[in-house]
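Working notes, structure below.
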Amino acid sequence: MKEPTESTIDILRKKWTALLIKYTQDTNYVETACDKILSHYTSHARHYHNEFHILKMLNSAEYFRDFGVNFDQILFAVWFHDVIYNPLKTNNEEKSAKFASQILKKIEYADAAMVSDMILRTKNHFYRAPNESPELKVLLDLDLETMGSNPETYLINTSNIRKEYHIYPDSIFKKGRTRVLKQFLDSDSIYRTEIFKEKYENQAFINISEELKHLVISTK
């Protein structure tokens, strides 16, 4: 008989508990906070920025565990960076940062302000500050990891992103999507860490170039 597999939600709950238990012994709060977070990521309106996106980022963060970074700071930023996500709004990052501050204040997490700042920086992946922290570089790379996925996975992801923006007609969506993709192609590099540059950079440029070709053809 085949053993039942552990669900994504169960895995996320375990990861959240393992992280939070370092800072609080209030198990009720740990569970309540997790419920609040997951209620956002599991919304029926989420097709890409959902629980699977968060789990993927948390799993891939393990590449950086032993690289001298504040690992918990990265994990908290991953957990909260898309907790508020409404395609019709432009203040999602600000609201997500505020949400994070409220949760982390309860456990008196010392680097809560840093986490909020990291979340705010996910608003613009193209801006490169001269003093970016290693933790911020990791977060931004994790957020863009799927751009370097194999072509099949990349297509699935772009389809799911389109579903989240279903309220917009094709003409508007494609114009905005084209602008963003061209910005990536015009960048010196998509990724900031050497690990992800080596692992994903070439494939990401290929994926983006192919999507742009399709967008151009479909708008003619």
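When region 20-43 is filtered for residues that are over 18 Å from the mean Cα position of the chain (by Cα) and either part of a loop (DSSP other than H, G, I, E, B) or of a type in the set (A, V, I, L, M) (or both), the ones remaining, listed by number, are L20, I21, K22, Y23, T24, Q25, D26, V30, A33. Looking only at residues of region 96-112 that are free of Cβ contacts under 8 Å to residues at least 12 places away in the same chain and assigned to a helix (DSSP H, G or I), we find that the one that is nearest to the chain's Cα centre (by Cα) is Q102. For region 166-220, the tally of residues that are touching a Lys or Arg at 6+ places or on another chain (Cβ under 6 Å), assigned to a helix (DSSP H, G or I) and surrounded by 16 or more Cβ atoms within 10 Å (Cβ to Cβ) stands at 1.
Quickly run through region 14-33 and pick out the residues that are among the hydrophobic types (A, V, I, L, M, F, W, C) and farther than 13 Å from L58 by Cβ.
Just the residues of region 14-33 that are among the hydrophobic types (A, V, I, L, M, F, W, C), to begin with: 16, 18-21, 30, 33.
Within region 14-33, L20, I21, V30, A33 qualify.
On the stretch given as region 113-144, residues that are in a helix (DSSP H, G or I) and either surrounded by fewer than 17 Cβ atoms within 10 Å (Cβ to Cβ) or not basic (K, R) (or both) total 17.
Of the residues examined, S101 is one that is in contact with a Ser or Thr (Cβ under 9 Å, 6 or more places away or on another chain), surrounded by fewer than 21 Cβ atoms within 10 Å (Cβ to Cβ) and not assigned by TED's automatic domain parsing to the domain that holds Y200. Which of the residues that make up region 75-95 are in a loop (DSSP other than H, G, I, E, B) and out of contact with any helix residue (DSSP H, G or I) (no Cβ under 9 Å at 6 or more places or on another chain)? L88, T90, N91 - these are the residues of region 75-95 that are in a loop (DSSP other than H, G, I, E, B) and out of contact with any helix residue (DSSP H, G or I) (no Cβ under 9 Å at 6 or more places or on another chain). When region 145-165 is limited to residues that are in contact (Cβ under 8 Å) with a residue 24 or more places away in the chain and of a type in the set (V, I, T), the one that is surrounded by the most Cβ atoms within 10 Å (Cβ to Cβ) turns out to be T146. Residues that are part of a helix (DSSP H, G or I) and either more than 18 Å from I84 (Cβ to Cβ) or hydroxyl-bearing (S, T, Y) (or both) within region 47-61 comprise L55, K56, L58, N59, S60, A61, listed in sequence order.
The values are calculated or read from the model by the stated rules, or taken from the named source; none is laboratory data. Small disclaimer: the values here were computed from a predicted structure and weren't measured. Cβ atoms come from the backbone with ideal geometry, glycine included; neighbour counts cover every protein chain shown.
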